[in-house]
Amino acid sequence: MPIQQPGSIELAHVEAGTVAPPLVLLHGFPLDGWIWHRQLTGLGARRVIVPDLRGFGRSPVSPGRYTIDDLADDVAALLDRLGVEAAVVAGLSMGGYVALAFAERHRLRLAGLILVGTRAGADDAATRAARDGAIETIHSEGSDKVFRGMSDRLWAPGADPALREEVESRAAAISDSALVHALHAMRDRPDRRPLLPGLSGTPTLVIAGDLDAMIPPAAAREMAAAIPGARLVMVAGAGHLPTVERPEVVNAAIRDWLVGEV
Ligand code: MLT
């Protein structure tokens, strides 16, 4: 059995299904596992495990600063607790940063990788400065303004207002300290592009909304081109959250890929 990760946080999670290897679905910022709720029940009998990352949803807030690598170690610790040796790890946006860190740090436990609306590169100078600005705004004015600035860029035009409302209320429930810790962790994450060619042999699926205004779909194309054998699925008419905007398309893409590759 793998060794318990020191310093990890015990993550809250939900799960469904029984078929191995399980899928672990990691959410983006500033949300929680809910963004995968259509996959939790939409992937047949496959075992699906959906944690809330540190400080998000029902998981405890970290007592101090942490890194994206620490979040990957939390996921490994969750697998330890559940007695799971290896899993397909899927991550959306910030969850994708964590999935790539998991791939680097826990390679032997990786049965496959799904990267959704994410990128492998580090923040550029402008993005780092924007993160610092957001942290300052949270300290001085609270998080509402930061989320309002980001909210419109999450969605494809014409997105369902009920979905938008749900996501807004979930984001509003996240504590300021959790948001600040996550912004620091994203700002300081390393460039994981050098990892990608070495993922040959790891079945990989890359998914992006073709109208994603947060992370350009070009980032998905670049990752898919850099990972030998990766499959790329562009979801037409979806923005940054294809798992809730076009769940049928995403679920069909994951199911097809699982049958063919994992
Ligand atoms: C996310 O959706 O997780 C974030 O937009 C990612 C980021 O800010 O880099």
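The values are calculated or read from the model by the stated rules, or taken from the named source; none is laboratory data. Everything numeric in this text was worked out from a predicted model, so none of it was measured. Positions of Cβ are backbone-derived with ideal geometry, glycine not excepted, and every protein chain shown enters the neighbour counts.
Considering the range 169-225, and only residues there that are under 22 Å from Glu248 (Cβ atoms) and among the acidic types (Asp, Glu), the residue that is farthest from the chain's Cα centre (by Cα) turns out to be Asp210.
Do you know which residues across the range 135-153 are within 22 Å of the chain's Cα centre (by Cα) and at pLDDT 95 or above? Listed by number, the list holds a single entry, Ile135. Does Ala159 fit the bill of being over 15 Å from Phe29 (Cβ atoms) and either surrounded by 13 or more Cβ atoms within 10 Å (Cβ to Cβ) or of a type in the set (D, E, K, R) (or both)? It is true that Ala159 is over 15 Å from Phe29 (Cβ atoms) and either surrounded by 13 or more Cβ atoms within 10 Å (Cβ to Cβ) or of a type in the set (D, E, K, R) (or both). Can you find a residue that is surrounded by 15 or more Cβ atoms within 10 Å (Cβ to Cβ) and closer than 15 Å to Ala238 by Cα anywhere in the range 118-141? The answer is yes, given that some residue of the range 118-141 is surrounded by 15 or more Cβ atoms within 10 Å (Cβ to Cβ) and closer than 15 Å to Ala238 by Cα. Inside the range 154-168, residues that are outside any loop (DSSP other than H, G, I, E, B), over 16 Å from the mean Cα position of the chain (by Cα) and among the aliphatic types (A, V, I, L, M) make up a count of 2.
For the range 65-88, check the following and say yes or no: at least one residue is modelled with pLDDT under 95 and more than 16 Å from the ligand (Cβ to nearest atom). Yes, that holds for at least one residue. When the residues of the range 224-249 are filtered to those that are aliphatic (A, V, I, L, M) and within 14 Å of the ligand (Cβ to nearest atom), the one that is surrounded by the fewest Cβ atoms within 10 Å (Cβ to Cβ) is Val244. Looking across the range 133-151, the residues that are away from the ligand (no atom under 12 Å from the Cβ) and in contact (Cβ under 8 Å) with a residue 12 or more places away in the chain come down to Ile135, Ile138, His139, Gly142, Ser143, Asp144.
Restricted to the range 50-87, and to residues there that are of a type in the set (Val, Ile, Thr) and farther than 16 Å from His13 by Cα, the residue that is nearest to the chain's Cα centre (by Cα) is Ile68.
Residue by residue, here is whether (1) away from the ligand (no atom under 16 Å from the Cβ); (2) under 27 Å from Arg255 (Cα atoms); (3) among the acidic types (Asp, Glu) holds:
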| site | (1), (2), (3) |
| --- | --- |
| Ile9 | yes, no, no |
| Glu15 | yes, yes, yes |
| Thr18 | yes, yes, no |
| His37 | yes, yes, no |
| Gly44 | yes, yes, no |
| Arg47 | yes, yes, no |
| Arg54 | no, no, no |
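Taking helices (runs of 4 or more DSSP H) as the structural unit, those lying wholly within the range 182-262 and holding at least 1 residues that are of a type in the set (Ser, Thr, Tyr) and under 28 Å from Leu163 (Cα atoms) correspond to 242-245. Picking from residues in the range 114-132 that are assigned to a helix (DSSP H, G or I), more than 10 Å from the ligand (Cβ to nearest atom) and of a type in the set (A, V, I, L, M), the one that is nearest to Ala182 (Cα to Cα) is Ala129. The numbered conditions (1) away from the ligand (no atom under 14 Å from the Cβ); (2) closer than 20 Å to Arg54 by Cβ are all true for His181 except (1).
Which condition from (1) more than 26 Å from Pro22 (Cβ to Cβ); (2) out of contact with any Leu (no Cβ under 8 Å at 6 or more places or on another chain); (3) of a type in the set (Ser, Thr, Tyr) is the one that Ser200 breaks? Ser200 satisfies all of (1) more than 26 Å from Pro22 (Cβ to Cβ); (2) out of contact with any Leu (no Cβ under 8 Å at 6 or more places or on another chain); (3) of a type in the set (Ser, Thr, Tyr) except (1).
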